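The values are calculated or read from the model by the stated rules, or taken from the named source; none is laboratory data. None of the values given here were measured: they were computed from a predicted structure. Because the Cβ atoms are built from the backbone with ideal geometry, glycine has one as well, and the counts that use them run over all protein chains shown. Keep in mind that these areas ignore ligands, DNA and RNA; they rest on the heavy atoms of the full protein, side chains included. Shrake-Rupley method; radii C 1.70, N 1.55, O 1.52, S 1.80 Å.
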Amino acid sequence: MNLKDNQRPWQLAARAEAMNPSAIREILKVTERPGVLNFAGGLPSPETFPIDAMRAACATILAEGSTIAKPSLQYAASEGLPELRQWVATEMSKQGAMVSPDQVLITTGSQQGLDLIAKVLIDKGAPVMVETPTYLGALQAFSPMEPSIVSVGSDDQGVQPEALRAQLESMAERPRFMYLLPNFQNPTGRSMPEARREAVMAVCREFGLPIVEDNPYGELWFDQPPARPLLARWPEGVIYLGSFSKILAPGLRLGYVIAPPALYPKLLQAKQAADLHTPGFNQRLVAEVIRDGFLDQHVPTIRARYKIQRDAMVAALARELGPTGSVWNEPSGGMFIWVRLPEGLNAQALLPIAVEAGMAFVPGAPFYARDPDTRTMRLSFVTSKPEEIDRGMAALGKVVKQALTAVTN
């Protein structure tokens, strides 16, 4: 069969049509302009990266005569480094989730965990439930499998149990799972308190609805740790995702999935098909850094730093956006503040104006699977100094006030 002049040699798979660029990644390109203060990216502060500890760990691994030098540079087991899997299991037990190391799969970032879960659990047209709004990266991971995304009514404590029950009662097909971020959620920064977790779990267990619990921010609490993980409440019905990106360094691309024994083999097979195994050297590096309790001293320094930055942004928002009628939350941990602009304004439309004024944010609309609230925006406070936060919020306040004046005139 000859190729005709008007034909292209490559034909995309149908699932590729469902792939979309990350709105956040596209915005980050804009923020690279000199002089733009970036409150858009969900990036941990590079000031928290433990460079000295990493350097020392590298020296230990690669030292002359080291017994782990060559294994760290060789192909490795798909499941992950045994020491690292044991560490994850031990840490989870401290939170009330009794996990075997055999349930832990080390992934190339927790984003890969979302991809593996999508491949193993989602068929075309199958319903999948998410919060309103939800993590954009999860929507991107799920979309190529062509699910039917169902947004569940949510408030400042997360998914509303009564809304979840009503949705489930109205559905002809049980959803494959519900995706939740109970701790300092991306994008809103909200957390599910104990009573809400119990109520949501009761509905899920009643209807046999499994949960994918994503927890990249849980260690970044400011005053007190969050409630027990959902995994501890229903071990056979929850897949748990964790990450080293926010407590060590995202460039290592190291995360993990904790799965029920019945599901683990299929996730492992999907992992083997994707990349054989997570980079062995990175796993050895992290295992060496954390083996003597390093995180017990390191993570509190991150919390203290982020709390100061959170307080600076909350104060600046009150000063600059308070008079406009905008509203926002005060997260008790994590990296994000969620802002809702006054009626008549559109965050997406204001973004290029804000960039010209010297600051950038992420419009909230891409985080909604259905019916986006165009008045919302996400602000990240962790990569900016308090004085930069002051300048950025002053610029944002000026943009919002000018837009309000234009709307009311």
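Rundown of residues vs (1) among the basic types (Lys, Arg); (2) in contact (Cβ under 8 Å) with a residue 24 or more places away in the chain, yes/no style:
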| site | (1), (2) |
| --- | --- |
| LYS246 | yes, yes |
| LYS271 | yes, yes |
| VAL289 | no, yes |
| VAL299 | no, yes |
| ASP311 | no, no |
| VAL314 | no, no |
Of the residues in the stretch 71-88, how many are free of Cβ contacts under 8 Å to residues at least 40 places away in the same chain and of a type in the set (Gly, Ala, Ser)?
0
Restricting the stretch 1-42 to residues that are crowded, with 16+ Cβ neighbours inside 10 Å and modelled with pLDDT of 75 or more, the one farthest from the chain's Cα centre (by Cα) turns out to be VAL36
May I ask you to verify whether ALA232 is under 21 Å from LEU81 (Cβ atoms) and either open to solvent by 10 Å² or more (accessible area, probe 1.4 Å) or in contact with an Asp or Glu (Cβ under 6 Å, 6 or more places away or on another chain) (or both)?
no
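For (1) surrounded by fewer than 21 Cβ atoms within 10 Å (Cβ to Cβ); (2) of a type in the set (Gly, Ala, Ser), each residue gets a yes or a no:
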site: ALA172; (1), (2): yes, yes
site: PHE177; (1), (2): no, no
site: PRO182; (1), (2): no, no
site: THR188; (1), (2): no, no
site: ARG196; (1), (2): yes, no
site: MET201; (1), (2): yes, no
Pair list, Cβ under 8 Å, 6 or more apart: the stretch 390-409 residue under 10 Å from ALA357 (Cα atoms) and open to solvent by less than 70 Å² (accessible area, probe 1.4 Å), other residue hydrophobic (A, V, I, L, M, F, W, C) and outside any helix (DSSP H, G or I):
GLY392/LEU37; GLY392/PHE39; GLY392/MET359; ALA395/LEU37; ALA395/MET359; LEU396/LEU321; LEU396/MET359; LEU396/PHE361
Per the list (1) at negative phi; (2) in contact (Cβ under 8 Å) with a residue 40 or more places away in the chain; (3) not polar (S, T, N, Q), residue check on GLY189 breaks on (1)
Residue count, the stretch 325-341 (criterion: assigned to a loop (DSSP other than H, G, I, E, B), surrounded by fewer than 21 Cβ atoms within 10 Å (Cβ to Cβ) and not small (Gly, Ala, Ser)):
2
List every residue pair whose Cβ atoms lie under 6 Å apart, where the two residues are 6 or more positions apart in sequence or sit on different chains, the first residue falls within the stretch 46-63 and is open to solvent by 50 Å² or more (accessible area, probe 1.4 Å), and the second residue, located anywhere, is among the small types (Gly, Ala, Ser).
PHE49/ALA249; LEU62/ALA69
Report, by residue number, each residue of the stretch 98-120 that is hydrophobic (A, V, I, L, M, F, W, C) and surrounded by 21 or more Cβ atoms within 10 Å (Cβ to Cβ).
VAL99, VAL104, LEU105, ILE106, LEU114, LEU116, ILE117, ALA118
Counted residues, the stretch 64-95 - those being of a type outside the set (Ser, Thr, Tyr), open to solvent by less than 40 Å² (accessible area, probe 1.4 Å) and under 28 Å from the mean Cα position of the chain (by Cα)
7
Positions within the stretch 136-163 being surrounded by fewer than 22 Cβ atoms within 10 Å (Cβ to Cβ) and small (Gly, Ala, Ser), in sequence order
GLY137, ALA141, SER143, SER148, SER151, GLY153, SER154, ALA163
Please work out which one of (1) under 26 Å from GLY333 (Cβ atoms); (2) part of a loop (DSSP other than H, G, I, E, B) is the condition LEU114 fails and give its number.
(2)
Taking the condition of being within 23 Å of ASN186 (Cβ to Cβ), of a type in the set (Gly, Ala, Ser) and more than 23 Å from the chain's Cα centre (by Cα), how many residues in the stretch 319-334 meet it?
1
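Out of all the residues in the stretch 369-395, which are in a loop (DSSP other than H, G, I, E, B) and of a type outside the set (Gly, Ala, Ser)?
Within the stretch 369-395, ARG370, ASP371, PRO372, ASP373, THR374, ARG375, PHE381, VAL382, THR383, LYS385 meet the criteria.
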Enumeration of residues in the stretch 261-292 that are modelled with pLDDT of 95 or more, of a type outside the set (A, V, I, L, M) and farther than 14 Å from ALA77 by Cα:
PRO261, TYR264, LYS266, GLU288
Filter the stretch 286-324 for residues that are open to solvent by 50 Å² or more (accessible area, probe 1.4 Å) and part of a loop (DSSP other than H, G, I, E, B) and give the result.
ARG291, ASP292
Which of the residues spanning the stretch 371-409 are of a type in the set (S, T, N, Q) and touching a strand residue (DSSP E or B) at 6+ places or on another chain (Cβ under 9 Å)?
THR374, THR376, SER380, THR383, SER384
Among the residues of the stretch 344-368, the number that are in contact with a helix residue (DSSP H, G or I) (Cβ under 8 Å, 6 or more places away or on another chain), in a loop (DSSP other than H, G, I, E, B) and closer than 23 Å to PRO331 by Cα is 2
